[in-house]
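Chemist: Input: one structure, supplied below.
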Amino acid sequence: MSKPIPVNTPLLNGNELKYVTECIKTGWISSEGPFISKFEVGFSNYIGMQHGIAVSNGSAALDIAIKALNITKGDEVIIPAFTIISPAQSIITAGALPVLVDSDSLTWNIDITQIEAKITSRTRAILVVHIYGLPVDMDPVIELAKKYNLKIIEDAAEMHGQTYKGKMCGSFGDISIFSFYPNKHITTGEGGMLLTNNVELAERCRKLRNLCFEPNGPRFIHHEIGWNYRMTNLQAALGLAQLEQIDHFIKKKRAMGAFYQAALSSLRTRGYQLPLEKTDFSENIYWVFGLVSPSIEEKNRIVDLLTASKIGTRPFFWCMHEQPVFQKMGLFKNESYPVAERLARNGFYLPSGLGLSNEDQKVVIKCIN
Ligand SMILES: *Cc1c(COP(=O)(O)O)cnc(C)c1O
């Protein structure tokens with residue numbers, strides 16, 4: 001029998017072991033320690049932002065972003081219907097309301113032509129999520145934000161090193177967030193980062209990450225509630241070693257994407273949708289290589305075949321308006337987003353991790369074809 005091919009395996013063969021060993025040898029294992037600021041400075045410089053605040057994961061970064069921007073009860077934030085739950089969860093736990101927008105059928109990102117109709121007097125921000133490998137068309141979003149005086153929160157958790165019109169994703173938001181989960185382009189095991197060019201916002205994010213201890217006030221006197229969302233020095237050590245290799249990782253991701261594109265192109269004649277190779281403003285970075293099958297039955301059939309061959313797949317995100325937890329809360333009643341619903345039902349992705357070998361990729365391709 002062939003060996004299993006997981007949907008993701010990370011690649012940890014740079015300075016990861018050396019730097020993590022250094023943490024253990026020196027005893028710097030908590031969120032105090034020299035790798036934290038090295039990683040924050042290194043990553044924020046790489047994206048081209050002034051301040052980086054490392055946190056325990058990407059979802060935590062979203063919690064902090066929402067609170068740092070004072071988004072609260074009665075406020076609305078526009079998000080795509082088709083996304084991971086994290087943005088909606090952060091908005092709802094802050095007491096605010098996520099307002100959903102359908103997806104673009106080709107890029108799978110928020111349909112920017114439908115955003116303006118969703119803006120009300122209560123809208124405070126547009127939270128864009130760059131999905132699977134292609135960025136959101138940011139210029140129209142920036143224009144809307146200016147016109148209606150809204151903040152932009154950029155969820156770039158899947159876009160490390162991707163550019164929009166030559167400028168890094170994660171450099172467009174008032175606050176941007178990244179995740180360093182092991183399936184992202186660089187990983188810290190668990191981890192995330194907020195980026196901003198606004199020094200006050202950065203200070204507020206730092207406080208919120210650390211139980212709102214006052215940096216200059218008396219110890220253990222708090223004026224606000226935050227979280228313990230700190231990243232450890234061990235994680236940052238891993239992150240720094242990964243960051244050293246990011247350009248290589250991105251090249252590898254793009255090469256893997258191109259390899260799948262070429263080998264699977266005949267799926268199109270059978271009604272499958274493959275990821276766009278590029279748009280007017282970006283080349284796909286293939287965070288994951290997604291396929292949208294012509295029907296649910298066909299998706300189930302091919303996923304079952306892959307599973308039987310021990311090849312890992314994942315379904316696409318499930319739409320926010322169809323999440324049982326939000327329906328129980330009475331949210332998104334009678335709302336429908338046909339493109340997002342089709343993606344959620346018919347979409348799945350193939351093994352796409354950096355640790356996938358070319359031989360394994362060929363096995364996946366052979367199985368599908
Ligand atoms: C991975 C991801 C997150 C969440 O990151 P975690 O570190 O897993 O909490 C948020 N948004 C998007 C778009 C993601 O892909």
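Chemist: Mind ranking 65-78, 230-243 by how tightly packed they are, going by the mean number of other C-beta atoms within 10 angstrom, highest first? Don't skip to the answer; put the middle values down first.
Modeler: Working: 65-78: 20.1, 230-243: 25.9.
Packing proxy ranking, top to bottom: 230-243, 65-78.
Chemist: Using the Cα centre as the reference, give the magnitude of the dipole from point charges on the C-beta atoms of the range 247-368 (Lys, Arg: +1; Asp, Glu: -1; all else neutral), rounded to the nearest 20 debye.
Modeler: The dipole magnitude comes to about 180 debye.
Chemist: Under 8 Å for C-alpha pairs, at least 6 residues apart: give me the relative contact order for the range 247-368, rounded to a whole percent.
Modeler: It rounds to 31 percent for the range 247-368.
Chemist: Between ALA258 and GLN50, what's the calculated FRET efficiency when r is the beta-carbon distance and R0 is 41 Å? Round to 0.05. Don't skip to the answer; put the middle values down first.
Modeler: Details: r = 34 Å, r/R0 = 0.84.
E between ALA258 and GLN50, to the nearest 0.05, is 0.75.
Chemist: Would you please give the FRET efficiency between PHE281 and GLN323, computed as 1/(1 + (r/R0)^6) with r the Cβ-Cβ distance and R0 = 22 Å, to the nearest 0.05? Don't skip to the answer; put the middle values down first.
Modeler: Numbers: r = 31 Å, r/R0 = 1.40.
Computed FRET efficiency for PHE281 and GLN323: 0.10.
Chemist: Run lengths n ≥ 4 of DSSP H only: what is the helix-derived mean residue ellipticity at 222 nm for the chain, with -39500 (n - 2.57) per run over all residues, to the nearest 500?
Modeler: -11000 deg cm²/dmol
Chemist: How much accessible area per residue does the range 222-290 have, in Å², with a 1.4 Å probe?
Modeler: Working: 3180 Å² over 69 residues.
I get 46 Å² per residue for this part.
Chemist: Between VAL41 and ASN369, what is the spin-label point distance in nm, taking each point 7 Å from the Cα along the Cα→C-beta axis?
Modeler: For the pair VAL41/ASN369, the computed spacing is 5.0 nm.
Chemist: Here's something else I'd like to know. Grab the alpha carbons of the range 247-368, take their convex hull, and tell me the volume per residue in Å³.
Modeler: Taking only Cα atoms, the range 247-368 has a hull volume of 146 Å³ per residue.
Chemist: Another one. Hey, which of these cross-link pairs are over 21 Å Cα-Cα: LYS118/LYS333; LYS38/LYS165; LYS25/LYS184; LYS3/LYS184; LYS184/LYS251?
Modeler: Numbers: LYS118/LYS333 16 Å; LYS38/LYS165 28 Å; LYS25/LYS184 28 Å; LYS3/LYS184 24 Å; LYS184/LYS251 14 Å.
Correct reply: LYS38/LYS165; LYS25/LYS184; LYS3/LYS184.
Chemist: Could you work out, for the chain, what percent of all Cα-Cα pairs fall into each 20 Å distance bin, beginning at 0 Å and stopping at the bin that holds the largest distance?
Modeler: In whole percents, the pair-distance histogram is 29, 58, 13, 0.
Chemist: Once you keep just the Cα pairs under 8 angstrom separated by 6 or more residues, what percentage relative contact order results for the chain? Before the final figure, lay out each step's value.
Modeler: Values: 770 pairs, mean separation 88.3, N = 369.
24 percent.
Chemist: If you count the DSSP beta bridges with both ends in the chain, what percent of them are antiparallel, to the nearest 5?
Modeler: On the way: 24 of 41 bridges.
Bridges in the chain that DSSP calls antiparallel: roughly 60 percent.
Chemist: Sticking with this structure for a sec: By average Cβ neighbour count within 10 Å, what is the ranking of 341-350, 189-198 from highest down? Please list the in-between numbers first.
Modeler: Numbers: 341-350: 20.3, 189-198: 23.8.
Packing order, densest peptide first, comes out as 189-198, 341-350.
Chemist: With the other protein chains left in place, how much accessible area per residue, in square angstrom, belongs to the range 60-116 at a 1.4 angstrom probe?
Modeler: Values: 1660 Å² over 57 residues.
Ligands and nucleic acids excluded, the result is 29 Å² per residue.
Chemist: I'd like to know which of ILE71, THR26, TYR46 lies farthest towards the positive end of the charge dipole of the chain, counting +1 on Cβ of Lys and Arg and -1 on Cβ of Asp and Glu.
Modeler: The residue sitting most towards the positive pole is THR26.
Chemist: What does the extension gain come out to for HIS222 and ALA117, with contour length at 0.36 nm per residue minus their alpha carbon separation?
Modeler: Working: separation 105, 0.36 × 105 = 37.80 nm, distance 4.09 nm.
Gain on extension, HIS222 to ALA117, equals 33.7 nm.
Chemist: How much area per residue is accessible in the range 293-369 when the probe is 1.4 Å and only protein heavy atoms are counted (Å²)?
Modeler: Working: 3830 Å² over 77 residues.
Normalised by residue count, the accessible surface of the range 293-369 is 50 Å².
Chemist: When the accessible area of the chain is computed with all protein chains present and a 1.4 Å probe, what percentage of it is carbon and sulfur?
Modeler: Numbers: 8760 of 16010 Å².
Carbon with sulfur: 55 percent of the solvent-accessible area.
Chemist: Turning to a different aspect of this structure: Can you figure out the FRET efficiency of GLU32 with ASP247, using R₀ = 22 Å and their beta-carbon distance, to the nearest 0.05? Walk me through the numbers before you get to the answer.
Modeler: Values: r = 30 Å, r/R0 = 1.37.
With R0 = 22 Å, the Cβ-Cβ based efficiency is 0.15.
Chemist: Right, here's the next one. Show me 156-162, 140-146 ranked by packing, highest mean number of other Cβ atoms within 10 Å first. Could you put the intermediate results ahead of the total?
Modeler: Details: 156-162: 26.0, 140-146: 15.7.
Per-residue mean Cβ counts within 10 Å order the peptides as 156-162, 140-146.
Chemist: Please tell me the relative contact order of the range 1-92 in percent, rounded to the nearest whole number, where contacts are Cα pairs under 8 Å and at least six residues apart. Let's see the in-between values first.
Modeler: On the way: 29 pairs, mean separation 16.2, N = 92.
Once divided by the residue count of the range 1-92, the mean separation gives 18 percent.
The values are calculated or read from the model by the stated rules, or taken from the named source; none is laboratory data. Note that the coordinates shown come from a computational prediction; the quantities given were computed from them, not determined experimentally. Note that each Cβ is placed from the backbone with ideal geometry, even for glycine, and that neighbours are counted across all protein chains shown. Please note that ligands, DNA and RNA were not included when accessible areas were found on the heavy atoms of the full protein model with its side chains. Shrake-Rupley method; radii C 1.70, N 1.55, O 1.52, S 1.80 Å.
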